[in-house]
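Here's the structure we're looking at; comments come further down.
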Amino acid sequence: MKNLTTLLMILLTVNGLRGQEIIKLYPGTIPGSKPAPASYVEDAPVGKDGVTRVAKVSVPTMEVFYPEKGKANGTAVIICPGGGYGILAINHEGYDVAKRFNAIGVTAFVLKYRLPSDEIMMDKSFGPLMDAEQAIYLLRRDAAKWKINKDKIGIMGFSAGGHLASTLTVHYGDQKIENKEQLSLRPDFSMLIYPVISFIDSPHTGSAKNLAGAEATQAQKEYFSNDRHVTPQTPPTFLVHANDDGAVPVQNSILFNQALVRNKVKAEMHLYQGGGHGFGLRNKTTTDDWFERLSNWMKANQFL
């Protein structure tokens, strides 16, 4: 009986961290996809650090986290977990963050995007961007269904997920999906947390190799160096990074912020002296809470 009670408590805890609804991004065949081989099976092991790392995603989804009844303010955020385009740290940089957004009235959508793979994609370099575009397309098209404001939809990404979010932030006009209504795929605001930005200057070589391949062309490197594509129409952006990040050099955020400043795009950047890489919501080297800084920025820009 004691073991059964413990199991039930664990299940309740896990379910409490998950969303209330899971949405398939594509109703039928996924554009640009190949049939997944039998060996290509999604896996989600939990590490000793408690982080769930999802691998071999072939069916992309969004998991919806709703604020408490009466607390929703209409703002929505698509969250892209990181993992070097090799895995998705889905709870650490997804579900946990969604709950923080719920606490300030934001409806959160955790994006389980396809990880680049020649086994399941015609062109693996554009698979994740297609999924991000499809996510914002669905939110704009069906905003009334989720009771969100179609003009207050942001995107957030961590690490390689930050690269994906920044790719949509600057390349939203390069449509890779069917969009009969010609809805805008431009996020209204962008939040990049220790993001990979450049494939040329201070690159995270693992993310670049996983997305564009070991033999990426110069044109591919240029396209995915997102600081080079900022324009005055780029959405307002909030950035967080640690100066001692040994995996994704802080120069990635600095380059993007400099490009935003040059183009007179509203932007705010917070650099911490410590914290390393992958700290998620909690940078243990400081008592400062970057999410509170983010909330203040959202209020200042009337996204809340």
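Throughout, read-outs are computed from the coordinates displayed, never taken from laboratory work. Because the structure is a prediction, the values reported are computed rather than measured. Here Cβ is always computed from backbone atoms with ideal geometry, including for glycine, and neighbour counts include all displayed protein chains.
Couple of notes before you dig in:
- Matching residues, region 143-160, being in contact with a strand residue (DSSP E or B) (Cβ under 9 Å, 6 or more places away or on another chain), outside any loop (DSSP other than H, G, I, E, B) and either at positive phi or not aliphatic (A, V, I, L, M) (or both): 146, 154, 157, 158
- Single residue of 105, 94 found to be among the small types (Gly, Ala, Ser), within 27 Å of residue 209 (Cα to Cα) and in contact (Cβ under 8 Å) with a residue 12 or more places away in the chain: 94
- Those residues of region 161-191 which are assigned to a helix (DSSP H, G or I) and either more than 17 Å from residue 230 (Cα to Cα) or free of Cβ contacts under 8 Å to residues at least 12 places away in the same chain (or both), in sequence order: 161
- If the condition is being without any contact (Cβ under 8 Å) to a residue 60 or more places away in the chain, assigned to a helix (DSSP H, G or I) and of a type in the set (A, V, I, L, M, F, W, C), then region 109-142 contributes 129, 132, 136.
- Picking from residues in region 32-61 that are surrounded by 14 or more Cβ atoms within 10 Å (Cβ to Cβ) and of a type in the set (Gly, Ala, Ser), the one that is farthest from the chain's Cα centre (by Cα) is 36.
- Region 79-91: number of residues that are outside any loop (DSSP other than H, G, I, E, B) and crowded, with 24+ Cβ neighbours inside 10 Å: 4
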